[in-house]
1. Any idea which of A:71, A:60 is more than 30 Å from residue A:186 (Cα to Cα), modelled with pLDDT of 95 or more and crowded, with 24+ Cβ neighbours inside 10 Å?
2. Residues that are over 18 Å from the mean Cα position of the chain (by Cα): list the helices (runs of 4 or more DSSP H) wholly contained in the stretch B:172-248 that include at least 1 such residues.
3. Of everything in the stretch A:128-155, what is surrounded by 16 or more Cβ atoms within 10 Å (Cβ to Cβ) and either among the polar types (S, T, N, Q) or in contact with a Lys or Arg (Cβ under 7 Å, 6 or more places away or on another chain) (or both)? Give them in sequence order.
4. What pairs can you find where one residue is in the stretch A:58-87 and within 23 Å of residue A:153 (Cβ to Cβ), the other is of a type in the set (Lys, Arg), and their Cβ atoms are less than 9 Å apart, with a gap of 6+ or different chains?
5. Step by step: first the residues of the stretch B:1-48, then only those that are among the hydrophobic types (A, V, I, L, M, F, W, C) and assigned to a loop (DSSP other than H, G, I, E, B), then the one that is surrounded by the fewest Cβ atoms within 10 Å (Cβ to Cβ). Which residue is that?
6. Within the group B:158, B:232, which residue is of a type outside the set (Ser, Thr, Tyr) and under 29 Å from residue A:198 (Cβ atoms)?
7. Taking only the stretch B:70-82 into account, find how many residues are surrounded by 17 or more Cβ atoms within 10 Å (Cβ to Cβ) and either within 9 Å of chain A (Cβ to nearest Cβ) or at pLDDT below 95 (or both).
8. From (1) assigned to a helix (DSSP H, G or I); (2) away from every other protein chain (no Cβ under 14 Å), pick out the condition that doesn't hold for residue A:258.
Amino acid sequence: MKLQGYLPILVVTALLAVVPFLSNSNTLYNFMVTSLIIALAAQGWNILGGVAGQTSFGHALFFGVGCYTAAMLQFHFGINAWLAFLMALAAGAGAGFIVGFLSFRAGLRGSYFALITLAFAELMRILANASEWTGGAAGLLLKLDPGFANMQFASRASFMWLALAFVFVGLLISRAIAGSRFGAHLVAVRENEDAARALGVDVLTVKLKAISLSGAMTAAAGVLYVQNFLYIDANIGFGAWISIEALLAPLVGGRGLVLGPLIGTFTLHGLGELTKTFAGRVPGIDLMVFAVVLICVVAFASDGMLGLLRRFAPRLAKRIAL
Amino acid sequence: MLEIADITMRFGGLVAVDRASLHVEKGSITGLIGPNGAGKTTLFGVIAGFLKPTQGRVIWQSQDITDLKPHQRAELGIARTFQIVQPFQGLNVLENITVGAYLRHHRAQDAIEKARAVAIRVGLEKDIDLPASSLTVAGRKRLELARALATEPKLLLLDEVLAGLNPSEIRDIIPVIRAIRDDGVTILMIEHVMQAVMNLCEQVYVLAQGQMIAHGTPASVCNDPAVIEAYLGKGAAARMAQTGGAHA
């Protein structure tokens with residue numbers, strides 16, 4: 001029963017891993033890499049916003065912290081990319097802890113918490129845009145130097161596999177949490193804080209753990225972005241686009257569920273790409289598709305795609321232990 | 001086992017509890033009764049740590065716990081149920097109880113096992129896979145009880161677990177409560193259903209307008225003129241004595 005929960009993760013990862021063998025098209029690689037990066041950021045969001053129910057509208061903060069920590073450490077100090085990656089994880093967790101400490105200790109919940117996270121992300125965007133250290137509005141450009149040691153790859157497939165490996169680890173962590181005491185506490189906090197307290201749950205500590213873990217995971221996505229594009233500026237790192245992507249994907253895929261963010265990302269971006277193919281390059285057409293999908297999900301499938309699966313194929317859903 | 005001394009709880013200008021004291025004997029079932037709005041649930045909030053009293057101390061096994069948070073008190077062995085039931089709506093019955101069981105059992109398997117045992121004990125074994133939101137009122141009350149029990153408390157605070165149940169459901173649940181006590185859990189219960197209070201409690205405290213006006217055995221408290229007046233109005237005790245009927 002325990003291993004059964006991990007089976008869908010293995011299957012999905014294996015399916016994604018063979019994609020490079022199907023086609024060598026650049027568009028496909030770009031689509032895959034971008035989607036995987038967003039999926040990882042969304043997995044981070046899902047731990048805090050989905051499982052623990054603390055809706056964040058500013059996960060760009062953690063994404064940006066990940067981007068800039070990795071980029072600045074390499075750019076200014078020539079620190080090894082992998083070491084910079086580890087430090088970016090710590091920075092993401094630290095940023096999460098600080099925001100969580102300030103807002104959860106003050107008892108902020110719901111839309112107030114969402115607004116505070118948005119404010120922090122915007123604050124960092126403005127700072128990153130103004131400071132010389134971060135390269136200001138021009139951003140930071142990293143040196144192209146392919147090699148495993150630099151976390152850069154000459155082959156696009158290799159980088160896709162790296163991103164997939166990150167997503168895989170993220171899925172494993174999410175899955176392990178779902179079946180644990182910590183996971184039960186997160187859900188209890190989401191469903192009813194007072195009842196959780198009465199049952200001995202230290203609500204503040206649980207929330208702080210959740211936001212730190214969430215921050216680290218989303219920061220990892222930021223590092224992947226930097227290593228892939230070798231460029232970062234304030235609007236990419238701390239811009240609202242990634243906050244929205246990180247929250248939209250779990251909502252569409254299935255909020256609070258392990259595979260929700262990944263399925264949501266591929267659904268959204270898959271549909272976006274399809275529309276682009278059919279409707280030609282009308283600017284913003286994919287965003288219109290996102291909007292329609294979001295409205296449909298909110299109106300007809302509040303538990304997302306996986307919720308639909310559970311409703312229409314309950315036996316299958318049970319078998320893959322959703 | 002539990003001692004509350006001179007508790008005052010003030011909300012702005014309103015004094016909800018006024019210098020109330022109470023003592024719960026280890027292994028007993030103690031009742032807390034009183035008219036609506038007397039401050040009973042507020043007092044429970046103070047005991048469980050949800051409210052910080054304006055004045056007074058809460059002493060648990062000769063340790064002052066007035067400044068401890070609810071989760072720390074749960075850790076020490078004080079569990080409460082809520083008068084307005086607070087199930088985790090999105091979870092099923094077993095998952096609800098398991099959250100409580102995780103307090104003393106850190107491994108998932110142990111916690112789930114414990115939760116199953118508790119579900120059987122309160123008579124929820126048939127509903128284990130149902131979503132909490134689909135339970136009847138009686139089922140939700142049992143769920144409240146089960147979750148609190150799953151934390152393996154030494155003291156169980158029951159806030160009107162019988163309210164809203166019909167007579168046959170009350171008859172069903174009274175033995176469950178007694179069995180919990182017989183297993184060594186001390187119980188302090190707020191209750192309006194006098195049949196249950198008379199049946200279960202050894203000691204009863206009466207709270208009216210925030211003040212403790214009487215305490216003693218259920219029978220003696222029911223005949224106390226101050227208690228009768230608190231429920232039925234000034235002069236009621238004298239009138240009842242005249243007509244010879246002293247059953248409140």
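1. On the way: A:60 fails: more than 30 Å from residue A:186 (Cα to Cα).
Every option except A:71 fails the conditions.
2. The helices (runs of 4 or more DSSP H) meeting that bar are B:218-222, B:225-232, B:236-243.
3. Correct list: A:129, A:134, A:150, A:152.
4. Once the first residue is within 23 Å of residue A:153 (Cβ to Cβ) and sits in the stretch A:58-87, its partners that are of a type in the set (Lys, Arg) give A:74/A:143; A:75/A:143.
5. Taking the stretch B:1-48 as the starting set, the residues that turn out to be among the hydrophobic types (A, V, I, L, M, F, W, C) are B:1-2, B:4-5, B:7, B:9, B:11, B:14-17, B:20, B:22, B:24, B:29, B:32-33, B:38, B:43-44, B:46-48.
With the extra rule that they be assigned to a loop (DSSP other than H, G, I, E, B), the set shrinks to B:1, B:38.
Numbers: B:1: 18, B:38: 24.
For the stretch B:1-48, the residue satisfying everything is B:1.
6. Details: B:232 fails: under 29 Å from residue A:198 (Cβ atoms).
Selected residue: B:158, the only one of B:158, B:232 that is of a type outside the set (Ser, Thr, Tyr) and under 29 Å from residue A:198 (Cβ atoms).
7. 8
8. Status for residue A:258: all satisfied but (1).
The values are calculated or read from the model by the stated rules, or taken from the named source; none is laboratory data. The structure displayed is predicted, hence computed values, not measured ones. Note that each Cβ is placed from the backbone with ideal geometry, even for glycine, and that neighbours are counted across all protein chains shown.
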